[in-house]
Amino acid sequence: MNKRIFLIVLDSFGIGQAPDAAHFGDEGSNTLAACRATGRLHLPNLQKLGLFQIDGVAPLAPAAAAQGAFGRMREASRGKDTTVGHWEIAGVVSEQAMPTFPHGFPTDMLDRWSAACGRPWLCNRPYSGTDVIRDYGEEQMRRGGLIVYTSADSVFQVAAHESVVPVEELYDCCQKARNMLTGELGVGRVIARPFEGEPGHFTRTVRRHDFSLPAPRDTVLDALSALPVETVGVGKIFDIFAGRGISRSVKTQGNDDGMDKTLALAGESFTGLCFVNLVDFDMLYGHRNDAAGYAEALNRFDRWLPELLSRLGRQDMVMITADHGCDPSTASTDHSREYTPLLVAGAPVRPGVNLGTRPTFADIGATVADYFGSAYRGDGRSFLENIII
């Protein structure tokens, strides 16, 4: 009989400030609370699994017995971005913070990169992705250049109009940057950010592509790839892990497409891990300080969830978590240092188990490995014996 885990990352769905949030400038951040404050949030299915019974989450009354196991995760890594969050979920804690560039990247590196690409560079400052194409897009089109910008995260982002720099050429330029950005310049991700439209009406397209550093040590994906099981990455999982340990990758265009493709996978017969990232929460709502949009996106996920649960077999389980926060109600448009939720459901799961506060996201990777009979534990501890019937 097939044994499967559907591990779903609601990208940036934090549930309250972490104890060290002040060190990251995130004191008071709470992505879930910001969405609740809109008055639009309606999550009956996540509520049934125990979302509002997690320690530190303001409860909803009356609270029926949870149908899943629930808890909250504290990030142990020195960072709050996508890469280190997913690495930690997969078992690897990043003890050293990845480099950030609040004053831009060294110009000598950019000049060498520009020469290799045959195009000039523009900007080289921290910037919002939508603002940077508004302010530099017309110049980029006129000069045929590459807009370079960063953020509070460890990222080197490159934007170009698709009619001026073809997407495949943009990807090639980003790969050249990835090859150069090592050592002290070793950012977590190089991100291609193509856009389209006319001056004053530029919009980013769905052909974003991430070029990540490989994890410094083996993750649960590497461990599972040594077993006779599949490791399926949905969304940007393949990019985050630089393809390592992924036996099959399913590309998506936003949350709805990601959910549709996850349902299709649930209808297949396979044994292994289906690792899903739903990026719109972060990209479209958290970073744009759109709390109402974030709440509605969570509602759509909640309405979809029963269909996934109905397709689970007797040995299947679903784990729902996040990689960091991105409070849409604060002045910042950056990620926030928050606890993340953990909800586990399926026939093998004992309902109503409070897993408390886990000291690291890596407990998820350890538990996934444990379920498939791998000795891998990474930097975490398995909670399988706490939840298994």
Inset, instruction - Give me a count of the residues in segment 185-199 that are surrounded by fewer than 19 Cβ atoms within 10 Å (Cβ to Cβ) and either within 24 Å of the chain's Cα centre (by Cα) or in a strand (DSSP E or B) (or both). - result: 3
Inset, instruction - Determine which member of the set 64, 160, 115, 152 is more than 19 Å from the chain's Cα centre (by Cα), of a type outside the set (S, T, N, Q) and modelled with pLDDT under 95. - result: 64
Legend entry - Pick from segment 59-75, criterion of a type outside the set (Lys, Arg) and open to solvent by 50 Å² or more (accessible area, probe 1.4 Å), ranking: nearest to residue 305 (Cα to Cα): 67
Legend entry - Number of positions in segment 247-264 that are open to solvent by less than 60 Å² (accessible area, probe 1.4 Å) and in contact (Cβ under 8 Å) with a residue 40 or more places away in the chain: 5
Inset, instruction - Could you check how many residues of segment 72-101 are of a type in the set (A, V, I, L, M, F, W, C) and assigned to a loop (DSSP other than H, G, I, E, B)? - result: 7
Inset, instruction - Can you run down the residue pairs with Cβ atoms below 6 Å, 6 or more apart or on separate chains, where the first is in segment 139-152 and within 13 Å of residue 129 (Cα to Cα) and the partner is of a type in the set (S, T, N, Q) and buried (at least 16 other Cβ atoms within 10 Å of the Cβ)? - result: 147/140; 148/124; 149/157
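This table checks each residue for (1) out of contact with any Phe, Trp or Tyr (no Cβ under 6 Å at 6 or more places or on another chain); (2) in contact (Cβ under 8 Å) with a residue 12 or more places away in the chain; (3) hydrophobic (A, V, I, L, M, F, W, C); (4) closer than 26 Å to residue 38 by Cβ.
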{"position": "241", "(1), (2), (3), (4)": "yes, yes, yes, no"}
{"position": "267", "(1), (2), (3), (4)": "yes, yes, no, no"}
{"position": "279", "(1), (2), (3), (4)": "yes, yes, yes, yes"}
{"position": "298", "(1), (2), (3), (4)": "yes, yes, yes, yes"}
{"position": "310", "(1), (2), (3), (4)": "yes, no, no, no"}
Legend entry - Unmet requirement for residue 104, which otherwise passes all of (1) touching a residue at least 40 places away in the same chain (Cβ under 8 Å); (2) small (Gly, Ala, Ser); (3) touching a Phe, Trp or Tyr at 6+ places or on another chain (Cβ under 8 Å): (3)
Legend entry - Residues located in segment 102-161, provided they are assigned to a strand (DSSP E or B) and open to solvent by 50 Å² or more (accessible area, probe 1.4 Å): 121, 125, 126
Legend entry - Boolean, residue 273 is in contact with an Asp or Glu (Cβ under 8 Å, 6 or more places away or on another chain) and either modelled with pLDDT of 95 or more or surrounded by 19 or more Cβ atoms within 10 Å (Cβ to Cβ) (or both): yes
Inset, instruction - Please tell me if residue 244 is in a helix (DSSP H, G or I) and open to solvent by 40 Å² or more (accessible area, probe 1.4 Å). - result: no
Inset, instruction - Would you please name the residue that is farthest from residue 159 (Cα to Cα), looking only at residues in segment 211-228 that are buried (at least 21 other Cβ atoms within 10 Å of the Cβ) and in contact with a strand residue (DSSP E or B) (Cβ under 7 Å, 6 or more places away or on another chain)? - result: 224
Inset, instruction - Could you grab the pairs with beta carbons closer than 8 Å, sequence gap of 6+ or different chains, first residue in segment 45-58 and assigned to a loop (DSSP other than H, G, I, E, B), second one of a type in the set (Lys, Arg)? - result: 54/72; 55/72; 56/72; 57/72; 58/36
Legend entry - Residues of segment 350-370 classified as surrounded by fewer than 24 Cβ atoms within 10 Å (Cβ to Cβ) and touching a helix residue (DSSP H, G or I) at 6+ places or on another chain (Cβ under 6 Å), total: 3
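Here is a check on your reading of the model: is residue 202 farther than 30 Å from residue 307 by Cβ, surrounded by fewer than 23 Cβ atoms within 10 Å (Cβ to Cβ) and at pLDDT 95 or above?
Values: farther than 30 Å from residue 307 by Cβ: yes; surrounded by fewer than 23 Cβ atoms within 10 Å (Cβ to Cβ): yes; at pLDDT 95 or above: yes.
When the stated conditions are applied, residue 202 passes them.
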Legend entry - Filtered residue count, segment 14-36, keeping only those that are part of a helix (DSSP H, G or I) and not hydroxyl-bearing (Ser, Thr, Tyr): 9
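The values are calculated or read from the model by the stated rules, or taken from the named source; none is laboratory data. Because the structure is predicted, anything quoted here is derived from the model rather than measured. So basically every Cβ, Gly included, is an ideal-geometry build from the backbone, and we count neighbours across all protein chains shown. Areas reflect the complete protein model, heavy atoms only, side chains present, ligands, DNA and RNA absent. Shrake-Rupley method; radii C 1.70, N 1.55, O 1.52, S 1.80 Å.
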